[in-house]
Amino acid sequence: MVVNYCGLEVSDTSTNPSPETDGVSRLPVEPAAEPSAPSGEVAEVLATLEQLPIAQRGSDLKYHRDDWPHWVDADRDCQNTRAEVLISESAGPVSFTPNADGEECRVTGGQWRGPWSGELFTDAGDIDIDHHVPLGHAHESGGWDWDRERKRAYANDLDHPASLQVTDKSLNRTKGKQPPDQWRPDAPAGWCRYAADWIAVKAKWQLTVTQWEVAALREMLDTCDDGSSWGLSGGREP
């Protein structure tokens, strides 16, 4: 499948980690092709990065997660944002636990690949929906000044496939709210995709970046032309 962000068209790929035996429901990790990024497309992403406003992170206003309501059921079909992402990013049919009215609202099973580990999960309870640019970081990058409705829209953004991604729980908790100059996927094969997604979200929501953040993103984008694989960035089309 081809995904287009900021002018980049890439195929979904994954890394191939060692099998785990911790009781988490997983399917075997499959090797993937390793396409390289045409320099013209990388140039478009770099141009977008250059347009992001540079500012120090931080705010006098303390971050409160409750100020960013999620997960919501925007279309009132009983499936909230988390469920919508699980359904759209599953590689196969999903299973549900019906509510008292028999409606299929809560997703319990499917097939989801961890974008930075390459592992394929079958139990929805084993994965998180990651805000690629975390809520706490968005707050410190200009989101502190948003009203509650804009914060709600950001926290439940289904319009851009980079915004919300199915992610391994452990990696998501380790990442926390850290930007790319403080945390990035262990495997350099995922850096290009991770950086491109980060820049796309920041550009859409007009969030600021720091000089250290820009330097880290440039370093990660330097891997785009070396033939390394691109990290999986979700199954939803923009």
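Derivation of every value follows stated rules applied to the coordinates shown; laboratory data play no part. Here the structure is a predicted model, which means the values were calculated and not measured. Don't worry about glycine lacking a Cβ; one is built from the backbone with ideal geometry, like all the others, and counts go over all protein chains shown.
Structure values in brief
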read-out	value
Neighbour-count order for 63, 154, 194, fewest beta carbons within 10 angstrom listed first	63, 154, 194
Neighbour-count order for 94, 166, 72, 107, fewest beta carbons within 10 angstrom listed first	72, 94, 107, 166
Net charge of neighbours whose Cβ lies under 14 Å from the Cβ of residue 47, counting Lys and Arg as +1 and Asp and Glu as -1	-1
Sequence of 112, 212 once ranked by neighbouring C-beta atoms within 10 Å, starting from the fewest	212, 112
Note, ³J(HN,Hα) from phi for segment 95-102, Karplus 6.51, -1.76, 1.60, rounded to Hz, x at Gly and Pro	10, 10, 9, x, 7, 4, 8, x
In segment 66-105, GluC sites (Glu not before Pro) in a DSSP loop with at most 12 other beta-carbon atoms within 10 Å	103
